[in-house]
1. Does the stretch 14-46 hold any residues that are modelled with pLDDT of 75 or more and surrounded by fewer than 10 Cβ atoms within 10 Å (Cβ to Cβ), and which are they?
2. Give the stretch 33-61 a look and list any residue that's more than 23 Å from GLN23 (Cβ to Cβ) and among the small types (Gly, Ala, Ser), or say none.
3. List pairs: first in the stretch 39-62 and within 21 Å of GLU27 (Cβ to Cβ) and in contact (Cβ under 8 Å) with a residue 24 or more places away in the chain, second polar (S, T, N, Q) and surrounded by 11 or more Cβ atoms within 10 Å (Cβ to Cβ), Cβ under 9 Å, 6+ apart or cross-chain?
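The values are calculated or read from the model by the stated rules, or taken from the named source; none is laboratory data. Here the structure is a predicted model, which means the values were calculated and not measured. Note: ideal-geometry Cβ built from the backbone for every residue, glycine included; neighbour counts use all protein chains shown.
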Amino acid sequence: MKYTLLAASLLAMALSACGKPNQALPETEKANYEKLMSGGQVECPHGLDGNGNCLKEGADPRPYGGSSKPGH
């Protein structure tokens, strides 16, 4: 029993010491992310979607293209 508690505490310490996980950004979003983090503004003539990507002309930023899902 005490070896199990020792192993669990060592595992918890090892996991907490590893630091924050980093999420990889797609190549298309890296430029926008770096620009925003440096204090700049992303210029998109048609606006941004929920993920911070530039919208194409006539695109709807709402999920499913603006039409509701069946049954909702």
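1. Within the stretch 14-46, ALA14, LEU15, SER16, MET37, SER38, GLY39, GLN41, GLU43, PRO45 meet the criteria.
2. GLY47, GLY58, ALA59
3. ASN53/ASN32
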